[in-house]
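Encoded as C-alpha cells, the structure appears first; notes follow it.
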Amino acid sequence: MEYVDFDDNLASNPLAGNKVDANEVQAAVLRILKAVGEDPERDGLKRTPERVARMYGELLAGYQTDPATMVNEAIFDVKYDEMVIVRDIEFYSLCEHHLLPFMARVHVAYLPDGKVVGLSKIPRIVDLFARRLQVQERMTRQIADFIRDLLHPQGVAVVVEALHLCMMMRGVQKHNARMTTSAMHGAFRSNLATRQEFLDNISRGATQLQI
Ligand SMILES: [Zn+2]
C-alpha cells in the first residue's frame, strides 16, 4: 500500500509531551453540555465533566510516554533470524476527526537482524500509539517505523483491522466502518515470499473483528 503523508507525523517525534489539562477539559465539557441543550446541574450530569476529564487523561496518556524509554531494557542481541510474529493484539483508540473510538486488532511481524525486543513490549508499543488522537493509517505506520528505528531489522510488517464507531454510529457509509491498513518495510516490501508467509500466518484461523 502507498503511504499517505500526514500533517503531524509523530513517529519522528514520538514524545510529543502534551499533558492533558483536566481543568480545561472539564470547562469544555460543561460548555458542550450546555450547548446541546442539557442541564449540567442535573444529578446524572453533575460530575460528567470531571469524569470525562479523567477519562481523557487515561485515553490520551500516550503523549506523555516515550516509547524508546519504555522498551530500552528489553532489547536483546540474538542470532535468531526467523520471522517474529505477534498477532491479534487488541487495542482501542480515538479517531481524531470525531473523538469517537475505533476498536482494532493489530498484527506485527519483523525479521530480526541481530536484535529482538521482549515479546510483551510489542502490545505496549501498540497501546502507547493507540492512546493518542489517531487516524488508523498513521498509527499503522508509526508502529512499523518505530520498530524499524528501534531494532534495525531486515524488515517490519504491521497490519491493523479496525471498526470505526464514527462510521457505525452515524449510519453513513457503514460498509466502510471496517478498515484494514498495512505498513511494510524492508524484506516485507521487497520479498514476496516473506510478505506472503506473514499474510498466510495472520489469516490462519482468523475471526471477524466484532464489537
Ligand atoms: Zn472518525
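Within this structure, residue 99 passes the test of being loosely packed, with under 12 Cβ neighbours inside 10 Å, within 16 Å of the ligand (Cβ to nearest atom) and either modelled with pLDDT of 95 or more or within 25 Å of residue 158 (Cα to Cα) (or both). Return yes when residue 86 is away from the ligand (no atom under 16 Å from the Cβ) and at pLDDT 95 or above and no when it is not. So residue 86 passes the test. In this entry, residue 80 passes the filter for residues that are more than 17 Å from residue 22 (Cα to Cα), of a type in the set (Ser, Thr, Tyr) and part of a loop (DSSP other than H, G, I, E, B). Residue 107 - would you say it is within 16 Å of the ligand (Cβ to nearest atom) and touching a residue at least 40 places away in the same chain (Cβ under 8 Å)? Against the criterion (within 16 Å of the ligand (Cβ to nearest atom) and touching a residue at least 40 places away in the same chain (Cβ under 8 Å)), residue 107 does not qualify. Among the numbered conditions (1) within 16 Å of the ligand (Cβ to nearest atom); (2) free of Cβ contacts under 8 Å to residues at least 40 places away in the same chain; (3) within 14 Å of residue 86 (Cα to Cα), the only one that residue 206 does not meet is (1). Those strands (runs of 3 or more DSSP E) of the range 92-211 in which at least 3 residues are β-branched (Val, Ile, Thr) and either in contact with a His (Cβ under 7 Å, 6 or more places away or on another chain) or at negative phi (or both), considering only elements entirely within it, cover 155-164.
Between 131, 42, which is within 22 Å of residue 159 (Cβ to Cβ) and away from the ligand (no atom under 16 Å from the Cβ)? 131 is the lone residue from the list that is within 22 Å of residue 159 (Cβ to Cβ) and away from the ligand (no atom under 16 Å from the Cβ). Residue 173 meets all of the listed conditions (1) within 16 Å of the ligand (Cβ to nearest atom); (2) surrounded by fewer than 19 Cβ atoms within 10 Å (Cβ to Cβ); (3) at pLDDT 95 or above; (4) polar (S, T, N, Q) but one, namely (3). Every condition in (1) modelled with pLDDT of 95 or more; (2) within 24 Å of residue 200 (Cα to Cα) holds for residue 94 except the one numbered (2).
Residue-wise test of (1) more than 16 Å from the ligand (Cβ to nearest atom); (2) more than 19 Å from the chain's Cα centre (by Cα); (3) surrounded by 19 or more Cβ atoms within 10 Å (Cβ to Cβ).
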{"site": "112", "(1), (2), (3)": "yes, yes, yes"}
{"site": "125", "(1), (2), (3)": "yes, no, yes"}
{"site": "142", "(1), (2), (3)": "yes, no, yes"}
{"site": "152", "(1), (2), (3)": "yes, yes, no"}
{"site": "165", "(1), (2), (3)": "no, no, no"}
{"site": "178", "(1), (2), (3)": "no, no, no"}
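The values are calculated or read from the model by the stated rules, or taken from the named source; none is laboratory data. Quick caveat: nothing in here was measured; it's all calculated off a predicted structure. We place every Cβ from the backbone using ideal geometry, glycine too, and count neighbours over all the protein chains shown.
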